[in-house]
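Can you read through this structure? Questions will come right after.
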Amino acid sequence: RSPAGMLLVAAGLLLAVAAGGRGSPAGEQESPPGSRFVCTSLPLDAAGTGCPLPPVPMQGGALPPEEELKAMVLQLRETVLQQKETIGSQREAIQELTGKLARCEGADGKSAGSWKNEVGKGKDTMGDLPRDPAQVIDQLSRTMQTLKDRLESLEHQLRANVSYAALPGDLREMLQRRLGDLERQLLSKVAELEDEKSLLHNETSAHRQKTETALNALLERVSELEKGNSAFKSPDEFKVSLPLRTNYLYGKIKKTLPELYAFTVCLWLRSSASPGIGTPFSYAVPGQANEIVLIEWGNNPIELLINDKVAQLPLFISDGKWHHICITWTTRDGMWEAFQDGEKLGTGENLAPWHPIKPGGVLILGQEQDTVGGRFDATQAFVGEMSQFNIWDRVLKAEDIMNIANCSINMPGNIIPWVDNNVDVFGGATKWPVETCEERLLDL
């Protein structure tokens, strides 16, 4: 039999026991001492009328599948709740009857134990009622679990049947619009990220280029320091070394000369080259390569050229020792003076008189220029070392020249001062720390 039929039989049994009691109400919890119960069997069809099942409402008219599933779910839920209430209300009655059945006697005066034996022999007229009331509760519990499983299955089926295709048209359109908006927002965000990536790449490239430029400049500076080119305590404590007689070793003064009507040129030099020390410096302007030149070429004496005019100077500086040389000139009458180691060794006049020195030329150390800034002749190149090359736009006094030569004062040129960042070297010419002024004096 089904659990529902068993439930009806149990309910009929409860009614029969309640009716057969001796004057005890059906709902009493405890019977008086010495009382007896009479158990009377009821027909199966008589028990069926006691516990009618709740009617299942029928849905009229054709409904959509979703509505039918929902209605079935609701009906099953109501059925489960009703069964649950019935089980709860009858569980207590079954427990009470269990105790009473132990004391129950039949109409013929037999004990409950002999009645149970007859039931066991097949004389029981109560149909298929289970012998143990606990089995009824267990079967009812299984029935409830089965109903719950069917309810969950129907809910899953309902969710599965409500697909996207069954959605109303306006809801489908709303979802499509929403998806379109989300897609556009996503594409916009991707475009923004691409722009940021490109901008970041450009900034990174520019930063990398700046960094590489700075590193290259630093490496060049370190290379110069390693070579000793710029390892000077002060900007003017360096010398330029031109060790070979070539047409490619030279130094260049970055600044140029203004128009001059007088000048003084002073420098320290050391050379033992022969024949002649070559050209310590030359100044060339467009149209005149020999605007100012100091040269000792071959076996000739050292010469001063101004505007290609020549004056021989009584200087002797090819002994391989440090010497301080100063030359002055003025356009008035072409007056000139020559100083060696602070002493005036010669003077003259009529050297390019009334000729102003032209501005904007190129000043070269160690080479004689045949054109402005170039076309050097190796036979006229200076071989040796030089330092403290300074030019003033006036004729210095003899006492000032003496003080410079004996290291009493340090007076840089007001037109061309001897500073590191104003002198470039080329072709293998190098810059080195120079001996102190006192050390140069001891070399005289």
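The values are calculated or read from the model by the stated rules, or taken from the named source; none is laboratory data. Quick caveat: nothing in here was measured; it's all calculated off a predicted structure. Cβ placement follows ideal geometry from the backbone for every residue including glycine, while neighbour counts extend to all protein chains displayed. For accessibility, only protein heavy atoms count, side chains too; no ligands or nucleic acids. Shrake-Rupley method; radii C 1.70, N 1.55, O 1.52, S 1.80 Å.
Looking at the structure I just gave you, is ALA284 open to solvent by less than 70 Å² (accessible area, probe 1.4 Å), more than 26 Å from LYS431 (Cα to Cα) and either among the hydrophobic types (A, V, I, L, M, F, W, C) or without any contact (Cβ under 8 Å) to a residue 24 or more places away in the chain (or both)? First the steps, then the outcome.
Details: open to solvent by less than 70 Å² (accessible area, probe 1.4 Å): yes; more than 26 Å from LYS431 (Cα to Cα): no; either among the hydrophobic types (A, V, I, L, M, F, W, C) or without any contact (Cβ under 8 Å) to a residue 24 or more places away in the chain (or both): yes.
Spelling it out, it is not the case that ALA284 is open to solvent by less than 70 Å² (accessible area, probe 1.4 Å), more than 26 Å from LYS431 (Cα to Cα) and either among the hydrophobic types (A, V, I, L, M, F, W, C) or without any contact (Cβ under 8 Å) to a residue 24 or more places away in the chain (or both).
While we're here: Cβ-Cβ under 7 Å, sequence separation 6+ or interchain: first residue in the stretch 413-427 and free of Cβ contacts under 8 Å to residues at least 40 places away in the same chain, partner surrounded by fewer than 18 Cβ atoms within 10 Å (Cβ to Cβ). Which pairs?
Partner pairs satisfying both residue conditions: ASN414/ASP393.
Further question on the same structure: Pairs under 7 Å by beta carbon, first residue closer than 20 Å to ALA378 by Cβ and assigned by the TED database to the domain that holds THR371 in the stretch 244-272, partner among the acidic types (Asp, Glu) and assigned to a loop (DSSP other than H, G, I, E, B), six or more apart or different chains?
Pairs found: ASN247/ASP377; SER272/ASP319.
Another one. Could you figure out which of (1) under 56 Å from the mean Cα position of the chain (by Cα); (2) crowded, with 17+ Cβ neighbours inside 10 Å; (3) not in a strand (DSSP E or B) isn't true of GLY276?
(1)
Condition (residue is touching a His at 6+ places or on another chain (Cβ under 7 Å) and either surrounded by 17 or more Cβ atoms within 10 Å (Cβ to Cβ) or more than 27 Å from PHE316 (Cβ to Cβ) (or both)) applied to the stretch 406-429: is it met by at least one residue?
Looking for residues that are touching a His at 6+ places or on another chain (Cβ under 7 Å) and either surrounded by 17 or more Cβ atoms within 10 Å (Cβ to Cβ) or more than 27 Å from PHE316 (Cβ to Cβ) (or both), one finds none in the stretch 406-429, hence no.
Would you tally the residues in the stretch 290-305 being touching a strand residue (DSSP E or B) at 6+ places or on another chain (Cβ under 6 Å) and in a strand (DSSP E or B)?
Summing the residues that are touching a strand residue (DSSP E or B) at 6+ places or on another chain (Cβ under 6 Å) and in a strand (DSSP E or B) in the stretch 290-305 gives 9.
Is it true that some residue in the stretch 323-340 is assigned to a loop (DSSP other than H, G, I, E, B) and surrounded by fewer than 18 Cβ atoms within 10 Å (Cβ to Cβ)?
no
Same structure, new question: Output the number of residues of the stretch 349-366 satisfying the condition of being crowded, with 19+ Cβ neighbours inside 10 Å and under 18 Å from PRO286 (Cβ atoms).
7
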